[in-house]
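Trainee: This is the structure, below, for whatever I ask next.
The values are calculated or read from the model by the stated rules, or taken from the named source; none is laboratory data. Bear in mind that the values here come from a model prediction, so they are computed numbers and not experimental data. Please note: Cβ atoms are built from the backbone with ideal geometry, for glycine as well, and neighbour counts cover all protein chains shown. Each accessible area value is taken on the protein alone, full model and side chains, heavy atoms only, with ligands, DNA and RNA left out. Shrake-Rupley method; radii C 1.70, N 1.55, O 1.52, S 1.80 Å.
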Amino acid sequence: MQIQSERIKSGIKRFLKMFTKRAMVLALVTGLVFSQASPAFAARSGGRAGGFRAPSPTRTMPRSGGSSYGGGGYGGYGGGYRGGGGFGSFFMLPFLFGGGGSLFSLLIFFAIANFLFRTFQNMATSDGEGGMTGGLSSTANPTVTVAKVQIGLLASARELQTDLNRVARTSDTSTNAGLSGLLQESVLALLRHPEFWAYGSTDGEVTKLTQAETVFNRYTLQARSKLAAETLSNVNGQIRNSDAKALGADGTLADIAGDNEYIVATLIIAAKGKLSLPKIDDADSLRQALRTAGAISSDEIYGVELLWEPQAEGDVLTADEVMADYPELRIVA
């Protein structure tokens, strides 16, 4: 009976192994066929402008209750800390239990005691009422919101591509003031074409300044991964511009024609404080989200990234491409 059971188990394992291999081969062949045959998922051109210019957080020394540097300083090796709440008796321990000791032993003990005291002091003041976190003050490490606004427009809004090209080329992305100008000009360009709005979405994450650039880069990379090629780029003051022609299905620059319908623009913002953007379910909520983003003052902006595809004039996205690459978009028209 046991031998028969083992044969059955062995047969089931062989069947599952064979089935898994054939399924993987079928999936691979299917992917290759559809990737070669479907022009709906052709690669397109893309544009990008922006940068991240937040100040580096500075660490501050935690303040004690008055027993160290500010409370009266050192009182000499024999006197311990003045106003330190009895720390002098702690330093006298080697004399009480050892009958004295060499100067070298005293210095070693003093260094160890000082290290332990500072360690416990930092632990006591970290995350305390003073707003400290690991020696980093709340004012030096403020709350930052990284937000994203996406909008899909009908291809009839061809002027939008021209506006975004102009904004990307002329914006100073090397300063915070320039990033603020990029944000406002981008919002204005999108607000000028409400009759062409078709899709929209918002997203965001609240973090601290020490982690803001990491979150900002994650949002940016996610958006950039959808672009087949960045034919126009102005990031941190460096402008790169290739031949602005439509990209063919093979990813090479070439004129393209077909039933193309949409343009998708993405705004990613890192701003000081908590930024609340509405959930997009209609044109009014999309308008409110754009206005809220555009109203952020320049001294609150840490990073701005504008991405749009396609960038080349005359090159647009099909409905299938929008659904495949931007599933988070919701209908607003």
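Trainee: For E205, are the conditions met, namely being of a type in the set (D, E, K, R), in contact (Cβ under 8 Å) with a residue 40 or more places away in the chain and within 28 Å of R330 (Cβ to Cβ)?
Mentor: Taking the combined requirement at face value, the residue satisfies it.
Trainee: Go through (1) among the aliphatic types (A, V, I, L, M); (2) touching a strand residue (DSSP E or B) at 6+ places or on another chain (Cβ under 6 Å); (3) more than 18 Å from Y199 (Cα to Cα) one by one and return the number of the condition A295 breaks.
Mentor: Result: A295 fails condition (2) only.
Trainee: Sticking with this structure for a sec: When you go through S171, S186 one by one, which is the residue that is within 25 Å of D284 (Cα to Cα), touching a residue at least 12 places away in the same chain (Cβ under 8 Å), touching a strand residue (DSSP E or B) at 6+ places or on another chain (Cβ under 7 Å) and not charged (D, E, K, R)?
Mentor: S186
Trainee: Out of the residues in region 282-333 that are touching a Ser or Thr at 6+ places or on another chain (Cβ under 6 Å) and part of a helix (DSSP H, G or I), which is modelled with the highest pLDDT?
Mentor: A289
Trainee: Here is a follow-up. Suppose the filter is open to solvent by less than 50 Å² (accessible area, probe 1.4 Å) and modelled with pLDDT under 95; does F196 pass it?
Mentor: Yes: the conditions hold for F196.
Trainee: Next question. From (1) farther than 22 Å from G273 by Cβ; (2) open to solvent by less than 10 Å² (accessible area, probe 1.4 Å), pick out the condition that doesn't hold for V187.
Mentor: Of everything listed in (1) farther than 22 Å from G273 by Cβ; (2) open to solvent by less than 10 Å² (accessible area, probe 1.4 Å), V187 misses just condition (1).
Trainee: Let me ask something else about it. If I ask for residues that are at pLDDT 90 or above and surrounded by fewer than 20 Cβ atoms within 10 Å (Cβ to Cβ), which ones from region 135-171 would you list?
Mentor: Once the filter is applied, which keeps residues that are at pLDDT 90 or above and surrounded by fewer than 20 Cβ atoms within 10 Å (Cβ to Cβ), region 135-171 yields P142, T143, L154, D163, R166, R169, T170.
Trainee: Just to be sure I understand, how many residues within region 190-221 are under 25 Å from N165 (Cα atoms) and under 11 Å from the mean Cα position of the chain (by Cα)?
Mentor: The total comes to 6.
Trainee: Within region 284-312, track down each residue that is loosely packed, with under 15 Cβ neighbours inside 10 Å and in contact (Cβ under 8 Å) with a residue 24 or more places away in the chain.
Mentor: Within region 284-312, R291, S297, S298, D299 qualify.
Trainee: How many residues does region 181-238 contain that are touching a Phe, Trp or Tyr at 6+ places or on another chain (Cβ under 7 Å) and under 22 Å from Y302 (Cα atoms)?
Mentor: 3
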